[in-house]
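Read-outs: derived from the displayed coordinates by stated rules, not from any lab. This structure is a prediction, so every number in the text was calculated from the model and none was measured. Quick reminder, even Gly has a Cβ in these numbers, built from the backbone with ideal geometry, and neighbours come from all protein chains shown.
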Amino acid sequence: AEEHHIISGASCTTTCLAPVALVLNKEFGIKRGLMTTFHAYTSDQKILDNPHKDLRRARACGQSIIPTKSGATKAIGIVMPELAGKLDGIALRVPTPNVSIIDFAVLLEKSVNVKIVNEALREASETYMKNYIEYCTEPLVSSDFNHNPSSAIVDSLMTMGDDDYMKVFA
C-alpha cells in the first residue's frame, strides 16, 4: 500500500519565519526572539465593520491596521524544538490583499553586525536553504513579490542591529 506524506507549514507566517530562524539559530544561536508579521488581510476578516468574536477583527480589513495574535512562534517551537519557548509574536493585519512581511528581532548568542548576518542569509539562500529563502538587494515593495513561490524573501536593505541584537525582515 502506498503511504501519503503530508507536510504542514502551519501558516504562511510560520513558513516564512522558520527558514530565517533556522539560519540565524544555526549560524549565531538565538537566545530570544520577537516577531511581528505585517499580514495581508484574510478571508475571515470583514470588508465592512460587522460582528466577529474578536472585536478588532470585526473591523473593516481594507480600512484599518488590525492587531491580532499569531501562532507562528509557537508553531516554530514544534518544528524546531530547540527554539520552543524562546520566541513570541503578534500579527498586524494590514489593508493589502496579498504578500506579508515579518519583522524578526532576535537576541543572539554571538556578537555580529548587519554585514555578517546578511552574508549568512545570502549564503544560506544560495546553498542549504536555496529552495526556501531568496535574498533581495533591491528596494522592492510587497506587490513586487506577488506570486513568488519562496518561503521567505530576506530584504537585506532592512536588516539592522549590532552586537547580539538584530532585526531581519523577510
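Taking Cα atoms only, the orientation of helix 114-126 departs from the longest principal axis of the chain by about 80 degrees.
Over 30 Å between C-alpha atoms is what I'm after, so list which of K31/K53; K53/K74; K26/K46; K53/K130 land there. Too far apart for the 30 Å limit: K31/K53; K26/K46; K53/K130. Applying 1/(1 + (r/R0)^6) with r as the Cβ-Cβ distance of E3 and V79 and R0 = 25 angstrom yields a FRET efficiency of 0.75. Placing +1 on each Lys and Arg Cβ and -1 on each Asp and Glu Cβ, with no other charges, gives region 24-67 a dipole about its Cα centre of roughly 180 debye. Stretched out straight at 0.36 nm per residue, the stretch from M158 to S142 would grow longer than its current Cα-Cα span by 4.4 nm.
Database remark: amide H of T96 closer than 5 angstrom to the amide H of Y41 (H placed geometrically; neighbours at sequence offset of 5 or more, or on other chains; Pro and chain starts carry no H). For the chain, DSSP calls about 65 percent of its internal beta bridges antiparallel. Here K110 and K69 are evaluated by their C-beta separation; at R0 = 22 Å the FRET efficiency comes out at 0.10.
Counted by neighbouring Cβ atoms within 10 Å, the residues Y132, Y41 run from fewest to most as Y132, Y41. So what is Rg over Rh here for region 12-169, counting just Cα atoms and using Kirkwood for Rh? Looking at region 12-169, the ratio lands at 0.99.
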